[in-house]
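Contents: one structure, followed by commentary.
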Amino acid sequence: MHIETEQHGEMSGQIDANEEMDHYVGTLRYRIFEVGLISGPSVEAVRAQFRAICEMTDTGGMVRNGIIMTGYHNPDFSGDILRVDGEILGEWTSDDEEWCHFTAVDTVEVTLSAPSPWMLHDSIATWMNCDGDTTEAYPTSA
């Protein structure tokens, strides 16, 4: 059952009640594109998650595939990688040749690399969907 829709610039969060599971789900959209799902025990909890995500995008973050890359639109060209639910997945950075590298939490070696932040974002989503299997993602550079 639809409860409300939060708006923030071009981001929106449609909050619905999931009566079967007794919680609330928010569908995140950038313009018309669905970019992630959030959930919580109350409308207020989902609304707070939506606002936190909007703060990250306001400061240069990018949300796609249920994953947030902070620093995406900043000159530093580096930042944290998290799920929209707040779970920290790791961090990313770029090198002098502007290749982007993701290092997962609790590792010291680069997990994934790609020639652009957009492609790295896609590679991380593939890696997450494969439970860490990176065969569909760009291999790390040596």
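The values are calculated or read from the model by the stated rules, or taken from the named source; none is laboratory data. Since the model is a prediction, treat every value here as computed from it, not as a measurement. All Cβ positions, even for glycine, are placed from backbone atoms using ideal geometry, and neighbour counts span all protein chains on display. The protein model used for the area step is the full one, side chains on, heavy atoms only, and it has no ligands, DNA or RNA in it. Shrake-Rupley method; radii C 1.70, N 1.55, O 1.52, S 1.80 Å.
Yes/no per residue for (1) at positive phi; (2) not small (G, A, S):
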| site | (1), (2) |
| --- | --- |
| T5 | no, yes |
| S39 | no, no |
| A45 | no, no |
| F77 | yes, yes |
| V108 | no, yes |
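Consider the range 22-54 and keep the residues that are in contact (Cβ under 8 Å) with a residue 24 or more places away in the chain and among the basic types (K, R). The one that is most open to solvent (accessible area, probe 1.4 Å) is R51. Just one residue in the set S116, S123 is in contact with a strand residue (DSSP E or B) (Cβ under 9 Å, 6 or more places away or on another chain), surrounded by fewer than 13 Cβ atoms within 10 Å (Cβ to Cβ) and under 17 Å from R64 (Cβ atoms); that residue is S116.
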